[in-house]
Amino acid sequence: MYFALPKEYREADVEELKGRIREAKAKLGKRAIILTHHYQRHEVVNLGDAVGDSYGLSKIAASRKDVEYIFFCGVHFMAESADILSEDHQTVFLPNPLAGCPMADMADMADVMEAWNVLEKFGGDKRIMPVSYMNCAASLKAFTGEHGGLICTSSNADAAYRYGFKRREKLFFFPDQHLGYNTGLRFGLEPNEMVIWDFSRTDGGLTEEHLDRARVILWKGHCHVHVNFKADHIEETRRKYPGVKIVVHPECSPEVVQQADANGSTSFIVKYIEDQPPGSAIAVGTEINMIHRMAVTYPDKTIFELSGKTCPACANMYRTTLNDLAYCLENYMDMKPIRVRENVKANARLALQRMLEVH
Ligand code: 13P
Ligand code: SF4
């Protein structure tokens, strides 16, 4: 896909852009809402109507039937989910249409179907429930809904496991192996009850014995931002800053999640930071924009990035600028909305609605 802003928007200065955004918002009034994910640039969050994690924002999108336009400052799968949950009179826009999620791209329909064909020999729908992380394409959400499964995010993954295991013996979890594994451990599963389906290998690189024994079959996907955090970073941080609190996102590896003081969705991390007393030192294992925003918001606490070395930026979340937002608000009639095909929507909505019900 090609997308380039007209020169007028590329070259406008920050104050002008802010003014134009405010004016366009005022013109749209109650007809529009701007949703912003926690990883968005600080200045974008400041001009939005709501900030939240992927679960919270989809809940808002599903409940605000009064608005005509949803401007979603986040990444593609989030805007797609908003479109699935919205009604026909509503239109969703992604101000920077190039903002994707590399982890979501690690699971494509053909590969998932190939895996499912093998899993059907182990009982398919009768024994195995697909549970897909919100970070995946709409077509995969539809696959999940069609097979009786549900979507989860970091904020309801425990509830999704409970829902799945109440109804079936095994879960097929994609695309994030780490969230799936971390949730499995919390659910009380043994490491050898979880296997990783490597989509680049025949039969996922697994034997019949592996698949028979497995309670959870995890897709071999990951978030390149969160796998940067290592157990060594935790040891070093605790040595350097005695008494420090460490909070991470569950897309981090199991070693990191287990050694941290707490882990949870982006909204959980915000709340965790808010709840620490003034003077606390808090090392955070997640995306850098959100960490900076927290450091600015809570100057009475020392908030810093856990690795201290890498720059855990999500380039896709960072793509959306004030320039994009100004352009989108002023020219939405000329922009291509995010629209999930009707034949995909019904089953995808089933999977997302189950997610909203089981929290
Ligand atoms: P949350 O659901 O915690 O907002 O996370 C979304 C995400 O993409 C994290 O990398
Ligand atoms: Fe995707 Fe990772 Fe960016 Fe989240 S931080 S949107 S999982 S690439």
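Within segment 309-332, if we keep just the residues that are surrounded by fewer than 20 Cβ atoms within 10 Å (Cβ to Cβ) and of a type in the set (Phe, Trp, Tyr), the residue that is farthest from Glu23 (Cα to Cα) turns out to be Tyr318.
Filter segment 191-211 for residues that are more than 23 Å from Gln258 (Cβ to Cβ) and not in a loop (DSSP other than H, G, I, E, B) and give the result. Matches in segment 191-211: Thr202, Asp203, Gly204, Gly205, Glu208, Glu209, His210, Leu211. Restricting attention to segment 282-296, the residues that are more than 18 Å from the chain's Cα centre (by Cα) and within 23 Å of Pro254 (Cα to Cα) add up to 2. Taking segment 203-233, which residues are of a type outside the set (A, V, I, L, M), within 30 Å of Glu305 (Cα to Cα) and surrounded by fewer than 24 Cβ atoms within 10 Å (Cβ to Cβ)? Residues satisfying the conditions are Lys220, His222, His224, Asn228, Lys230, Asp232, His233.
Checking each residue in segment 61-106 for being away from ligand 1 (no atom under 13 Å from the Cβ), under 28 Å from Leu179 (Cα atoms) and free of Cβ contacts under 8 Å to residues at least 40 places away in the same chain picks out Ala61, Ser63, Ser86.
Applying the criterion of at least 1 residues that are more than 27 Å from Leu171 (Cβ to Cβ) and within 16 Å of ligand 1 (Cβ to nearest atom) to the helices (runs of 4 or more DSSP H) found wholly in segment 219-311 leaves 266-275, 288-297. Residues in segment 258-267 that are of a type in the set (Gly, Ala, Ser) and in contact with a strand residue (DSSP E or B) (Cβ under 9 Å, 6 or more places away or on another chain): Ala260, Ala262, Gly264, Ser267. Across segment 297-317, the qualifying residues are those that are among the hydrophobic types (A, V, I, L, M, F, W, C) and more than 30 Å from Phe3 (Cβ to Cβ), and the one among them that is nearest to the chain's Cα centre (by Cα) is Leu306. Remark: Val67 falls outside the filter, which requires a residue to be aliphatic (A, V, I, L, M), surrounded by fewer than 17 Cβ atoms within 10 Å (Cβ to Cβ) and more than 22 Å from the chain's Cα centre (by Cα). In segment 123-146, which residues are more than 14 Å from the chain's Cα centre (by Cα), surrounded by 17 or more Cβ atoms within 10 Å (Cβ to Cβ) and not in a strand (DSSP E or B)? Across segment 123-146, the qualifying residues are Ser139, Leu140, Ala142, Phe143, Thr144, Gly145. Given the condition in contact (Cβ under 8 Å) with a residue 24 or more places away in the chain and in contact with a Ser or Thr (Cβ under 9 Å, 6 or more places away or on another chain), answer yes or no: does some residue in segment 113-128 qualify? No. Hey, among the residues in segment 177-194 that are crowded, with 19+ Cβ neighbours inside 10 Å and of a type outside the set (Phe, Trp, Tyr), which one's nearest to the chain's Cα centre (by Cα)? Step by step, filter segment 177-194, then rank; the result is Leu179.
So the check is Cβ under 6 Å with 6+ separation or different chains; which pairs have a first residue in segment 158-176 that's crowded, with 21+ Cβ neighbours inside 10 Å and a second one that's modelled with pLDDT under 95? So the pair list comes out as Tyr163/Val358.
For segment 238-257, filtering for residues that are in contact (Cβ under 8 Å) with a residue 24 or more places away in the chain and out of contact with any strand residue (DSSP E or B) (no Cβ under 9 Å at 6 or more places or on another chain) leaves 3. I'd like to know if segment 337-354 contains one or more residues that are within 21 Å of Arg20 (Cβ to Cβ) and out of contact with any Phe, Trp or Tyr (no Cβ under 9 Å at 6 or more places or on another chain). No - not one qualifying residue is present in segment 337-354. Please work out if Gly100 is within 13 Å of ligand 2 (Cβ to nearest atom) and surrounded by fewer than 19 Cβ atoms within 10 Å (Cβ to Cβ). Spelling it out, Gly100 is indeed within 13 Å of ligand 2 (Cβ to nearest atom) and surrounded by fewer than 19 Cβ atoms within 10 Å (Cβ to Cβ). Among residues belonging to segment 212-250 that are farther than 21 Å from Asp261 by Cα and among the aliphatic types (A, V, I, L, M), point out the one that is farthest from ligand 2 (Cβ to nearest atom). It comes out as Ala214. Take Thr297 and decide whether it is at pLDDT 95 or above, surrounded by fewer than 21 Cβ atoms within 10 Å (Cβ to Cβ) and on the phi < 0 side of the Ramachandran plot. Here the answer is yes, as Thr297 does meet what is asked.
The values are calculated or read from the model by the stated rules, or taken from the named source; none is laboratory data. The shown structure was predicted, so the numbers you read here are calculated from the model rather than taken from an experiment. Please note: Cβ atoms are built from the backbone with ideal geometry, for glycine as well, and neighbour counts cover all protein chains shown.
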